[in-house]
Amino acid sequence: MGRCLLFLWLLLFADALLLGNLEEKTSLGVLREAGIPQESFQEAGISSEDALLYVEFWEDLEYFPLAFPCSRKEEFFFENGWHDKRNYGGERLHEGCDIFGSQSISGYYPVVSITDGVVEQVGWLPLGGWRIGIRSSGGGYFYYAHLSSYGRKFTEGEKINAGELLGFLGDSGYGTEGTTGKFPPHLHLGIYVRTEKEEEYALNPYPVLKFLQEKQKIFFY
Ligand SMILES: [Zn+2]
């Protein structure tokens, strides 16, 4: 009896493994067909279920969210900081990717829209500081936070073009309106999609940034 159960258990286990593998392969196939490089998804440990949620908006991706001023090529740094611990506003996990410039100056680097889209939210948030959120046509919600200032006045519902100046990389946030200087200047990028269960389901922006790394815009001024 015991041996029989063990055998059954092994059989089920093997089945589950095979099914898991199959699912993995299918989602990788979908990514490949959509022209999405899979390496950064694997590097960031993104589940195959989550990976499929990027497909709808992948074609909307046009520009790296930070531009470099003048003709000087600046470097930007980001790593896979998904779910790193954060303490401000209670214990929580980091739902985004932080990008730093080679110069730690607030108000220096232009932040541009990654996609065409519509402004969904704009203004101050205690955590995000001066932020703007743009929904692309494929349903991705791109959240740009900690801006030092906006490029112009934005209103909710207005259309935005990919590459358009949204504002400047800064260090606003972690307090009441106008708070700055609580952390080194950086751009926090968040990406959210609507799923059947959640209105705002957070995705790791790391593979998106990796993909856009070479698509940087130059600003002449
Ligand atoms: Zn962040």
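A few points about this structure:
- Per residue, the solvent-accessible area of the range 62-219 (1.4 Å probe, heavy atoms of protein chains only, all protein chains present) comes to 46 Å².
- Structure note, pairs K159/K217; K159/K215; K153/K182; K85/K217; K85/K197; K153/K210: Cα-Cα distances above 27 angstrom occur for K85/K217; K153/K210.
- Euclidean distance of C-alpha centroids, the range 122-165 and the range 169-221, integer Å: 10
- Solvent-accessible area, 1.4 Å probe, carbon plus sulfur percent, for the range 62-219: 48
- Mean shadow area of the range 62-219, taken as a quarter of the surface of its Cα convex hull (nm²): 8.9
- Since only G175, G139, G101 are under comparison, the one whose Cα sits farthest along the positive direction of the charge dipole of the range 62-219, derived from C-beta charges on Lys, Arg, Asp and Glu, is G101.
- Treating each Cα of the range 31-76 as one equal point scatterer and applying the Debye formula with no solvent, the log10 of I(q)/I(0) at q = 0.30, 0.31 Å⁻¹ comes out as -1.13, -1.17.
The values are calculated or read from the model by the stated rules, or taken from the named source; none is laboratory data. Predicted, not measured: the structure shown is a model, and the values here were computed from it. Don't worry about glycine lacking a Cβ; one is built from the backbone with ideal geometry, like all the others, and counts go over all protein chains shown. For accessibility, only protein heavy atoms count, side chains too; no ligands or nucleic acids. Shrake-Rupley method; radii C 1.70, N 1.55, O 1.52, S 1.80 Å.
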